[in-house]
Every structure is written in C-alpha cells, then in structure tokens.
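Take a look at the structure below.
Values quoted throughout were computed directly from the atomic coordinates according to the rules given, and no laboratory measurement underlies them. If you're wondering where the values come from, they're calculated on a predicted model, not measured in any experiment. Virtual Cβ from ideal backbone geometry, glycine too; neighbours counted across all protein chains shown.
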Amino acid sequence: MRILSGIQPTGDKHLGNYIGAIRHYVSNQDLGEAFYFIADLHALTLLPDPADLRESTLKTAAMLLAAGVDPERATLFVQSHVASEHTQLTWVLQCVARMGELNRMTQFKDKSDGKGDSVSVGIYTYPVLQAADVVAYDADSVPVGADQKQHLELVRNLAQRFNNRYGAEGEEILKVPEPLIAEVGGRVMDLQDPTRKMSTSNGSEKGTVWMLDESDTIVKKFKSAVTDSEAEVRYDPAQKPGVSNLLELLHIVSGRSIAELEAEHDHGRYGDFKVAVGEAVAAHMTPIRERYHELMDDRAELERILGSSADRAREVASATLARVVAKVGLLEAPERAATN
Ligand code: TYM
C-alpha cells in the first residue's frame, strides 16, 4: 500500500490545509509506505519571487514536520529534487490527456478567468503534472481536501487511458489511485464567507486562520465568524454553513461527536460557541506552531531531512519512468559517455 500527497509552497498554510490534508498525512503515514512532497514545480505556475519560493519550500516542509509527519516513517521530499522523473512522466501523460478534459478543470477555469489567451500553459497543464506526481509512486491512496477531487478524477482517467493503450488486457502499468477525502473537514470554509472554501489566495484575511497565527488572533477570528440570524447550534451544512463549519472544526480538534457538541451548545449564544471553537482550535495549533519555530531555527537539519529522502523518492519514480519508457516504445537512453 502506497500513500502519497503533495502541497504547494505558496505563502503560509491555513487551517483548511491542516484539517483537510496535513493531519491525514500524519494519520496515514503508518498505513503503508507514505510519500509526501512540497510541490514547488506546481508553485512555479504563479511565477513567485525566487527567494520567496526557496523560503516557502523550507517553511512548508517545517510545517508538515511540526504537524507530525515523521521522516523516519514517511518520505518527505521536494518535488523538484525528482524533477527529471516527474516532468518526463508529465510529457507522456500530456500526450494521453485531451484538451477538452483540461478545459473542464474548475481550478483552471477559476485561475484563467478574465485572462483569455494570456493564461500560462503551466496553469493549463498543471493537473497533468499532478497526475505524474501520483502515478510515479504507484500511489494507492491520495489524502487531499475536497477541492482536489476533480484533479484526482483526471489522474484516474489518464492512468486508465494509458493502461488501455499500452497494457495487455487488464494490465495496470500505472496504478489507478483512490482519492482519500474526509467527509467531515474535507472542505473548511472561510470564516467570513462560509459559502467559500478557506483559501490562500482568494479568501478574506479575517476569515482565514493561518497555521502560524498566535492564539489570540485565532480566537479573535473565530469571534467574528459569520454565522446566521438564528440562535441554534445545529449541524446543517446547506442551511447553516457557518455554524456547521464551526461544528466540524470543533468536532475534529476536540474529538467529541457533533451530536454531543450540538447538545452542549444548544442553549448558549453564538458568541460563547464561537469563543469555545476558537479556543479549542488555538489550543490544538499551539504545539504545532511552537515546534515549527524550533524547526525553522535549524535550517541545516531541515535541508538534511529533505535531502536524505530524495534518494528514496528518485528510486521509486525512476523505476516507474523506466517501465513507461519501455512500454511506449522509447529506446532506453545510452549511458552518458565519461568525460574527463
Ligand atoms: P494545495 O497546496 O492547494 O493544498 C494542499 C492540501 O490542502 C487541501 N485544502 C483544503 N482542505 C480542506 N479545506 C480547505 N479549505 C482546503 N484548502 C486546501 C487541498 O485539497 C490539498 O490536499 N494541486 C495540489 C498539490 C498537489 C498534489 C499533487 C496533491 C500537487 N501534486 C499530487 C495530491 C497529489 C494543491 O495545490 O494543493
């Protein structure tokens, strides 16, 4: 069993990233062999400042380690350290992918909105690189938030199409992965607009809880969370998205059932309920934030961890690439002549 997931090093990570994805990296790391990576090649699609990208890559790695990803149990690496394999597989999958299916990707539609022909090709082919990331490691299971569901469907379709074209009947040259999306917490909503997901780029500052926010900031953001005009703490995502979002978060960080939490806060006011959620989230995030700062104080150690995992990642990805090269009919590359 292989588990794999990736996270972009764009800016700071928020509570949605943690609840929807990162904590599942941690809980899944013993279910099989786990591979988690910082998707810096994907981040290039936004043409970030180079120094910022380098810094964010280290910060994101520190965030995963602080949250509990254990480099002794999971391979934590940087995508570009295995760039040769990921990008060669991307090319092969681009030849299998169809423009129609990439045109239908909602994230592409959102990101290209209003840009017309000037939207970058990287943003367009972004999901194909993601497919290469997943198939490179023969991943069975991919823990992600609900916003990645469509990308994972594409990964499955590309892997299946590739297998149909190049494999014998029923042969799985590329593993067809299953997305692992939590029903509760798979889509954390913006606290100021609970009809929109919490997001790095499109959210409101007051409605986005950053993983590194101090406790008082977290409580303040929850205090001003938008709810509704009733006064009933009841789980009903369609009718009461704000309250339901808060109930999901409290359930996850406290480990108590939603029914129990509804009953407990039934007679209280929203104000007290919001403070209770904020305090529980703040308490949960405090040790992670403290550990993060410790890790960032020793960058050499962080770089050592990332460097030591790259070999294992390369070993697996290059075996997949060799399999693909042989199946599609490319000649094996000759050894490079020694130069001196
Ligand atoms: P990224 O970096 O945007 O997000 C990282 C993870 O966080 C999840 N997430 C959320 N979960 C719940 N609620 C939210 N509001 C929320 N916002 C984000 C995302 O679903 C994701 O799991 N394309 C990917 C990175 C990637 C990848 C991969 C993932 C590249 N290659 C291969 C899996 C497999 C992305 O941009 O995630």
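Quick notes on this structure:
- Taking the Cα centre of segment 199-271 as reference, the dipole from Cβ charges on Lys and Arg (+1) and Asp and Glu (-1) amounts to some 180 debye.
- Of all complete DSSP H helices in the chain, those with a Cα span along the helix axis of 24 Å or greater and a mean Kyte-Doolittle hydropathy of -0.5 or more are 50-67, 270-296, 299-328.
- Most tightly packed first, judged by the mean number of other beta-carbon atoms within 10 Å of their residues, the peptides 66-73, 331-338, 165-172 read 66-73, 165-172, 331-338.
- Computed over segment 226-321, relative contact order equals 20 percent, with contacts defined as Cα pairs under 8 Å that lie 6+ residues apart.
- Sites SER224 and ARG54 - FRET efficiency at Förster radius 35 Å, r taken between beta-carbons, to 0.05: 0.50
- Within the chain, antiparallel bridges make up roughly 10 percent of the DSSP beta bridges whose residues both belong there.
- With a Förster radius of 45 Å applied to the C-beta separation of ASP216 and ALA319, the computed FRET efficiency comes to 0.35.
- The residues neighbouring LEU261, those whose beta-carbon lies less than 12 Å from its own, together hold a net charge of -3 under the Lys/Arg +1, Asp/Glu -1 convention.
- With the simple model of a label 7 Å out from the Cα in the direction of the Cβ, ALA231 to LYS206 spans 2.2 nm.
- The residue among TYR124, ILE38, MET105 whose Cα reaches farthest toward the positive pole of the charge dipole of segment 1-137, with charges on the beta-carbon of Lys, Arg, Asp and Glu, is MET105.
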